[in-house]
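The values are calculated or read from the model by the stated rules, or taken from the named source; none is laboratory data. Model, not experiment: these values are computed from the prediction. Cβ placement follows ideal geometry from the backbone for every residue including glycine, while neighbour counts extend to all protein chains displayed.
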Amino acid sequence: MNIQKKKAIFIFCYLFILVIFAQEGGIINTIEREYKAMTLKSDSIILDLEALDNNEIRAAKFYYQAVLTSEMEVSKNLHSLNFTTYRTEFYGQLSGIQLISLDFVNKEYDEALRKTEQINSDRLPEVLYWKAKINQLKQDYDTAISISENFIRKHNDNHLVNQVWLIIFESNFYQRDTSAFEKNYQTFSKQSGFIDYNPYLLYLNGMLYEGLDNTKARGLYTQIVSDFPTSQFRVQAEDRLFGLRSPSANQNSNLPPPIIPSPPPPVSVVQPTFRNSVVSRYEDLSMGEYYIQFGALEDEYRALNLVNLLKDENIDSFHITKPVSGRTWYAVIQGPYASHDFAVEAQNKLRSRRNQSFIFEVK
């Protein structure tokens, strides 16, 4: 074979490889773009598996098929298949993260930890969050703190970093380590988003000092009442202050057991304008009326984020709990409307959100 023919074959192969990689990146980018725009549907033609797809594309398609389906068992099976078949691919490992979150909800902590060992934390820092959280719940606080500190060192710009800080604080609390708690408090106070968590941290710090220094505990609770009058922790702080007023509280004998409320969500709750916006359960919706649903998510924080995204488009909505296949989901909805026609008319005005919303009647 002469040099010209060899050169031509080499150029052809090189261009062929470039086309393959461009096609691969283009398909995945299209899927991601459509999903982020909330226009990708579970029956989308771009999710159909093709014989020429490579493993990376197949893993991406399986992942998005799983997250788009509203059937819990179907979603779990798709994620399991993806994680088993394409474990070394990025989207296969993303399915692994989804499965870990399901194990966490089901309190199958050992199984969740086993899966975390099969995921590359450099590609997916979320796996470190789950390792830390599960070890905390298993009361291995030293391990939880060590993993959390590693997360913060490597991934301080990750969206979960504030939640990882909470793991450290709660672990310090359970270890009754006031020194470490206050040292970490000084560091975290310089982080963005600190103000959203400050009442919760002051509350934990107050409980740490009960029985050790009740004067300081009272000061921390008083600060919550004074500086954060609308916080959910004001009522908790007032309860603790009331218990500390009795003389016997100096021995910490008659105080009620400390109740650690959930920390605040990382996003603010949008107050919708509909007359039944205080409804928090599907069962409490108005019978015989119609609602527009924009999405149903397993995580309340994601539901709140969707509410905020809709608000950015001047679309009012609110979220409710909704039972799906025996589990609690968070549905983001708008309404009520007195008739199906009124709901359709409103839906047609939703612009970019109209295509992926649907109308349901409360029966």
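Structural remarks
- Subset of segment 145-174 that is within 17 Å of Tyr209 (Cα to Cα) and among the hydroxyl-bearing types (Ser, Thr, Tyr) - its residue that is surrounded by the fewest Cβ atoms within 10 Å (Cβ to Cβ): Tyr174
- Some residue of segment 250-259 being at pLDDT 80 or above, in a helix (DSSP H, G or I) and farther than 30 Å from Pro336 by Cα: no
- Residues satisfying the stated conditions in segment 74-105, i.e. of a type in the set (S, T, N, Q) and under 14 Å from the mean Cα position of the chain (by Cα): Gln98, Ser101
- Verdict on Ile57 being buried (at least 19 other Cβ atoms within 10 Å of the Cβ), part of a loop (DSSP other than H, G, I, E, B) and without any contact (Cβ under 8 Å) to a residue 60 or more places away in the chain: no
- Selection within segment 158-175 - in a loop (DSSP other than H, G, I, E, B) and more than 20 Å from Arg302 (Cβ to Cβ): Gln175
- Selection within segment 64-108 - crowded, with 16+ Cβ neighbours inside 10 Å, more than 21 Å from Lys322 (Cβ to Cβ) and among the hydroxyl-bearing types (Ser, Thr, Tyr): Tyr64, Ser80, Tyr86, Tyr91, Ser95
- Inter-residue pairs, beta-carbon under 9 Å, first within 17 Å of Ser148 (Cα to Cα) and in segment 176-196, second β-branched (Val, Ile, Thr) and surrounded by 12 or more Cβ atoms within 10 Å (Cβ to Cβ), 6+ apart: Ala180/Ile145; Ala180/Ile168; Phe181/Ile168; Asn184/Ile168; Phe188/Ile168; Gln191/Val161
Residues checked against (1) within 21 Å of Asn305 (Cβ to Cβ); (2) of a type in the set (Val, Ile, Thr):
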residue	(1), (2)
Ser70	yes, no
Phe104	yes, no
Ile119	no, yes
Glu126	yes, no
Ile134	no, yes
Lys138	no, no
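- Here Asn77 fulfils each of the conditions (1) farther than 20 Å from His155 by Cα; (2) in contact with a Gly (Cβ under 6 Å, 6 or more places away or on another chain) apart from (2).
- Count - residues of segment 191-222 that are assigned to a helix (DSSP H, G or I) and within 30 Å of Asp157 (Cβ to Cβ): 13
- Residues of segment 175-190 that are surrounded by fewer than 15 Cβ atoms within 10 Å (Cβ to Cβ), within 25 Å of Asp140 (Cβ to Cβ) and either under 26 Å from the mean Cα position of the chain (by Cα) or of a type in the set (Phe, Trp, Tyr) (or both): Thr187 alone.
- Within segment 71-94, considering residues that are out of contact with any Asp or Glu (no Cβ under 7 Å at 6 or more places or on another chain) and charged (D, E, K, R), the one nearest to Ser121 (Cα to Cα): Arg87
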